[in-house]
Each structure stands twice: as structure tokens, then as C-alpha cells.
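Enquirer: Before I ask anything, let me first share the structure, which is written out below as C-alpha cells.
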Amino acid sequence: MSSGAIIVTGGGGGIGRAIAKRLHADGHTVVIADRDRAVAESAAAAIGCEFELIDIGNEASVISGVKAVAARHGGLFGVVNNAGIHMQALVVETAVEDWDRIFSVNTRGTFLMSREAARIMAAQRSGQIVNIITKLGFGNPFSSAYLSSKNAIWGLTQCLAIEMASSGVRVNAIAPGHVGPGTGMEKAFRAKAEKLGKSWDDFEADVVATIPLHRWCTPEDVAGGVSWLMGPDTSFVTGELINITGGFQAYASTPSADSVRAAAERGPTK
Ligand SMILES: NC(=O)c1ccc[n+]([C@@H]2O[C@H](COP(=O)([O-])OP(=O)(O)OC[C@H]3O[C@@H](n4cnc5c(N)ncnc54)[C@H](O)[C@@H]3O)[C@@H](O)[C@H]2O)c1
């Protein structure tokens, strides 16, 4: 269907794999970009698409990987910046190395991929970039590095959308709510439950109670949003943030004062 390939970063697992599968089913030429060869290879084989080993936090890897995909497929139809990592820690216990690690993948990686894609798309005078962030606009306990890194991507999205508009390149963001089960983030949700002193069942019940549509988001829900943005009906959509959250607005759970004091006394942990 499309001319040029769509690169899906982090397409080896979780939400990225569902996005790659959906875009392939839509008729696009999809290339999974992941730093993990085993998951990339197995996802690409299952979907019937290609993969390219790219570590999005590494400038040289991004430059050569994006160039190679565009050369193989006669350009870039799009890029889905989905790869991202999480950690669960209160601000008072966050080591600077962990803060930098989260930013180096989520923010720096999305910036590098967007920059290299935009260089090719500027010459093509076409293309679109979709950044997978997370629901913004509220505090999320134990998630300061993650949420800050994702807020930064929203800033990048808005700036790039303006800069590339006259080149016919559109840039949007999708903010999934709680996808959790079956994705890499499930580990992070389980760590959050533990830190809040809740059983998994109680934590899940709390999460679902905050979602008006009363269920977890699925990778396929997110993939449906990406499919729409990459489809034929969005030529007037740029610089937008699309929430796919089941109506979720904010967290109610807070860590106890005792647990915060204990963590503050311990300080950053590595
Ligand atoms: N799962 C959720 O509940 C949830 C909610 C909101 C937003 N998100 C966002 O959706 C995206 C996908 O989340 P997920 O839970 O499916 O993740 P996941 O852990 O299941 O998969 C992430 C993939 O990214 C790859 N990856 C990690 N670092 C990379 C790097 N430096 N270079 C290339 N590939 C790299 C991993 O190998 C993996 O295949 C992330 O950006 C995440 O922040 C997830």
C-alpha cells in the first residue's frame, strides 16, 4: 500500500509487536527495529516482515539503521517511536544513573530516531512520525524519570510537527493508558504494587476502578490508533496527542508517609 517502509522501534515485544502486526495487516511495508536480536527476529518471522537491529539510544546505530531501511525500501513512509523503558522509584531514591538511563532510551532515543527520519522525510517531502508516550497531565507515584522523559517527548512532538509541516511531514503522539499485562511494563506495574504494599489482585482492581471503561488497555487498542494515524484519513492531523486510556484521568494511590520516610533515609539505590 505505502511507498517506503514504516519503522516500528521496540517492535520485538509488547505494544510494538502489536503495532507492527497491525500495520503489516494494513498493507504497509514494516520493519521492526529493536536492540534485542532474539525478540526482533522472532516477531518479524511471526508477522512476515523485516527487522533491523537498532539501539535507539546510540547515535551511530540510529544513523546507519534508518539510512539502511530507507535505502532498501525506497524511502520512509513513517516511523513509530515506540521503544521505551521504565523504572519504579520515588524521587528520593532515584540514582542519577537510573534517571539518565531512562532519558537515554526514551527521550534521546526518540529524538535521534526522529531527527534521522526527518532528514530523509524532508527530502521526500512526505512521511509521518508517531511517538508512543503515556497519559500525561498528572502525577504518577514512583515514575518521575519515566513520566518526565515522556513529557519531554511530547515537547519534541509539538516542535517537530511545526518544523516539518511545510515539508508535508506530520508528527503526532499517542498516549496509552495502562496496558500492563503481556507487555514489558507488567514488571513495572508489579513492582509498583509491591511498593504500595498491595497484592497484585488488589492493585489490578484499583487500576481498573480508575478506568471508566473498566478494563486494561490492550496492545491492539494502541495499534488501532497508530493504524488510523498511518491511514488515509489523517492528512490534516499534526501536532496532536491522542489518548487511548479508556477515559483514565489520574491516580488515587499514594505511597504511605512511613514508606517515603524510610526510602528518603536510605537515599538513592542502584
Ligand atoms: N505497557 C504499558 O502499560 C504502557 C503504557 C503506556 C505507555 N507505554 C509505552 O509503550 C511503549 C512500549 O511499551 P511495552 O510495555 O510494550 O514495552 P516492552 O518492554 O514490552 O517492549 C519494549 C521493546 O523495546 C525494545 N527496546 C528497549 N530499549 C531499546 C533500545 N534502546 N533500542 C531499541 N529497542 C529497544 C525492547 O527490546 C522491547 O522489544 C513504551 O514506550 C512505553 O513507555 C506502555
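Enquirer: Rounded to whole Å, give me the distance from the Cα center of region 1-56 to that of region 76-111.
Expert: 20 Å
Enquirer: If each Cα of region 5-266 is one equal point scatterer, what is log10 of I(q)/I(0) from the Debye formula at q = 0.08, 0.13, 0.15, 0.17 Å⁻¹?
Expert: -0.31, -0.81, -1.06, -1.32
Enquirer: Quick check on packing: order 263-270, 204-211 by the mean number of other C-beta atoms within 10 Å, highest mean leading.
Expert: Averaged packing, sorted descending, gives the order 204-211, 263-270.
Enquirer: Under the rule of at least 5 residues apart or a separate chain, name every residue whose amide H is placed under 5 Å from the amide H of ILE32.
Expert: The list, which skips near neighbours in sequence, is VAL8, GLU50, PHE51, GLU52.
Enquirer: Are any of the pairs LYS192/LYS270; LYS67/LYS135; LYS187/LYS270 more than 24 Å apart by Cα-Cα distance, and if so, which?
Expert: Checking Cα-Cα distances, LYS67/LYS135 exceed 24 Å.
Enquirer: Would you order ASP233, ASP202 from fewest to most other beta-carbon atoms within 10 Å of each residue's own beta-carbon?
Expert: In order of increasing Cβ crowding within 10 Å: ASP233, ASP202.
Enquirer: Ok, one more. Let me check against my output: what whole-number percent is the relative contact order of the chain, with C-alpha pairs under 8 Å and at least 6 apart?
Expert: 21 percent
Enquirer: Kirkwood Rh, Cα Rg: Rg to Rh for region 114-225?
Expert: Reported Rg/Rh (Cα atoms, Kirkwood Rh): 1.07.
Enquirer: Identify, among ASN140, GLY10, SER64, the residue whose Cα sits farthest towards the positive end of the charge dipole of the chain, taking +1 on the Cβ of Lys and Arg and -1 on the Cβ of Asp and Glu, with the dipole about the Cα centre.
Expert: SER64
Enquirer: Counting other C-beta atoms within 10 Å, which of ASP98, ASP55 has the fewest, and how do the rest follow?
Expert: Taking fewest neighbouring Cβ atoms as first place, the list is ASP98, ASP55.
Enquirer: In whole Hz and in residue order, list the ³J(HN,Hα) couplings for region 59-73 that follow from phi through the Karplus curve 6.51 cos²θ - 1.76 cosθ + 1.60, θ = phi - 60°; x for Gly and Pro.
Expert: 4, 5, 5, 5, 4, 6, x, 5, 4, 5, 5, 5, 5, 5, 10
Enquirer: Convert each backbone phi in region 100-112 into a coupling constant with the Karplus relation 6.51 cos²θ - 1.76 cosθ + 1.60 (shift: θ = phi - 60°), then list the ³J(HN,Hα) values in order as whole Hz, x for Gly and Pro.
Expert: Taking θ as phi minus 60°, the curve returns 5, 4, 5, 5, 5, 8, 5, 8, 5, x, 5, 4, 4 Hz for region 100-112.
Enquirer: For HIS214, HIS24, what's the fewest-to-most ordering of other Cβ within 10 Å of each Cβ?
Expert: By the 10 Å Cβ count, ascending, the order reads HIS214, HIS24.
Enquirer: What order do you get for 134-144, 190-200 when each peptide is scored by the mean count of other beta carbon atoms within 10 Å, highest first?
Expert: 134-144, 190-200
Enquirer: Just from its helices, what would the mean residue ellipticity at 222 nm be for the chain, if runs of 4 or more DSSP H residues each count -39500 (n - 2.57) and the sum is divided by every residue, rounded to the nearest 500 deg cm²/dmol?
Expert: -16000 deg cm²/dmol
Enquirer: Would you mind estimating how fast region 225-270 diffuses translationally, via Stokes-Einstein at 20 °C and 1.002 mPa s with the Kirkwood radius over Cα pairs, in µm²/s?
Expert: It diffuses with D of about 141 µm²/s by this estimate.
Only the coordinates and a few stated rules stand behind these numbers; no lab work does. Predicted, not measured: the structure shown is a model, and the values here were computed from it. Cβ atoms come from the backbone with ideal geometry, glycine included; neighbour counts cover every protein chain shown.
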